[in-house]
1. Restricting attention to segment 235-250, which residues are over 22 Å from residue 216 (Cβ atoms), surrounded by fewer than 20 Cβ atoms within 10 Å (Cβ to Cβ) and touching a residue at least 60 places away in the same chain (Cβ under 8 Å)?
2. Of the numbered conditions (1) modelled with pLDDT under 80; (2) farther than 30 Å from residue 179 by Cβ, residue 120 fails exactly one; give the number of that condition.
3. List the number of the failed condition for residue 61; all other conditions in (1) over 17 Å from residue 219 (Cα atoms); (2) modelled with pLDDT of 80 or more; (3) within 16 Å of the chain's Cα centre (by Cα); (4) surrounded by 13 or more Cβ atoms within 10 Å (Cβ to Cβ) hold.
4. Read through the list (1) under 27 Å from residue 223 (Cβ atoms); (2) assigned to a helix (DSSP H, G or I); (3) modelled with pLDDT of 75 or more; (4) out of contact with any helix residue (DSSP H, G or I) (no Cβ under 9 Å at 6 or more places or on another chain), then give the number of the only condition that residue 136 fails.
5. Please determine whether any residue of segment 101-113 is more than 23 Å from residue 149 (Cβ to Cβ), at pLDDT 55 or above and not in a loop (DSSP other than H, G, I, E, B).
6. Among (1) surrounded by 15 or more Cβ atoms within 10 Å (Cβ to Cβ); (2) touching a residue at least 24 places away in the same chain (Cβ under 8 Å), there is one condition residue 230 misses while meeting the rest; what is its number?
7. How about segment 250-322: which strands (runs of 3 or more DSSP E) wholly inside it have at least 2 residues that are in contact with a helix residue (DSSP H, G or I) (Cβ under 8 Å, 6 or more places away or on another chain)?
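The values are calculated or read from the model by the stated rules, or taken from the named source; none is laboratory data. Note that this is a predicted model, so its numbers are computed, not measured. Virtual Cβ from ideal backbone geometry, glycine too; neighbours counted across all protein chains shown.
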């Protein structure tokens, strides 16, 4: 009897596990079917159910993000064809400005339009999904706040719903997904015993690799401007990559160039930039390259030394860009 009882319990547990697995796969099958039918809201819900059922499943965050992106595109199409221009107002929002600017944007539950600061780009940091989403969002916010050209605000979502606006008139909205592409793992190095020490096993941990897929959307038109992959460790380069830095040249002395940053923005010693001659009509021609030095007066010409020197001496306007 005891053996029969144990077998019955084992059978029930096995059956329960099989049913749970089947239910998980049902969620995934429904999600794929709904996605193929372009029912992205329902598909997103089923993908979320599958993720909750199987937390370790890979690629589901990407599927959810794709549903959100397609929902957003459909919403923007509907909004552009509608005369309904109601304003979406977050319940709370605070704006952080580069170089000490701090503009509260919500007061007494009424939308207030802040005074636009010339030369600034207004960025709204929207929602991020996936692994370590909070860390990715916070790091991206910091990357833009630390840049001299941007005023950054938190927004409640990234425009996946109708009539998305923010209490701050932003120029672009950044959103995306972050996903762990390699789990942290530990291996051990065995050190044999010696005359003076015991045998040891030394742990070696491989860091996890987190990839962030960043989507930059024009807040006015809803058009996706940039869709780029970054390592979580290189997020400090986002602002300079999306909105490149530009310099004018105030000195050329044989192999060295002096530059003046006219846009603000982040750049680093050793970064390589192109040197152009800029014309009055806005056109430009390539002259060579330089590398950023320890200071802006100590940049070195890495290509086109003769042409750059000759054009500067002739009074040409030289500019430096990526």
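1. 248 - this is the single residue of segment 235-250 that is over 22 Å from residue 216 (Cβ atoms), surrounded by fewer than 20 Cβ atoms within 10 Å (Cβ to Cβ) and touching a residue at least 60 places away in the same chain (Cβ under 8 Å).
2. Failing condition for residue 120: (1).
3. So residue 61 meets the others, but not (2).
4. (4)
5. Here is the first cut: in segment 101-113, the ones more than 23 Å from residue 149 (Cβ to Cβ) are 106-111.
When the remaining residues are screened for being at pLDDT 55 or above, the result is none.
No, there is no match, as no residue in segment 101-113 is more than 23 Å from residue 149 (Cβ to Cβ), at pLDDT 55 or above and not in a loop (DSSP other than H, G, I, E, B).
6. Only one criterion in (1) surrounded by 15 or more Cβ atoms within 10 Å (Cβ to Cβ); (2) touching a residue at least 24 places away in the same chain (Cβ under 8 Å) is unmet by residue 230, namely (2).
7. Fully inside segment 250-322 and qualifying: 272-278, 284-291.
Residue-wise test of (1) in the same structural domain as residue 129 (by TED's automatic domain parsing); (2) in contact with a helix residue (DSSP H, G or I) (Cβ under 6 Å, 6 or more places away or on another chain); (3) modelled with pLDDT of 80 or more.
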| site | (1), (2), (3) |
| --- | --- |
| 10 | no, no, no |
| 16 | no, no, no |
| 24 | no, yes, no |
| 27 | no, yes, no |
| 32 | no, no, yes |
| 36 | no, no, no |
| 42 | no, yes, yes |
| 46 | no, yes, yes |
| 49 | no, yes, yes |
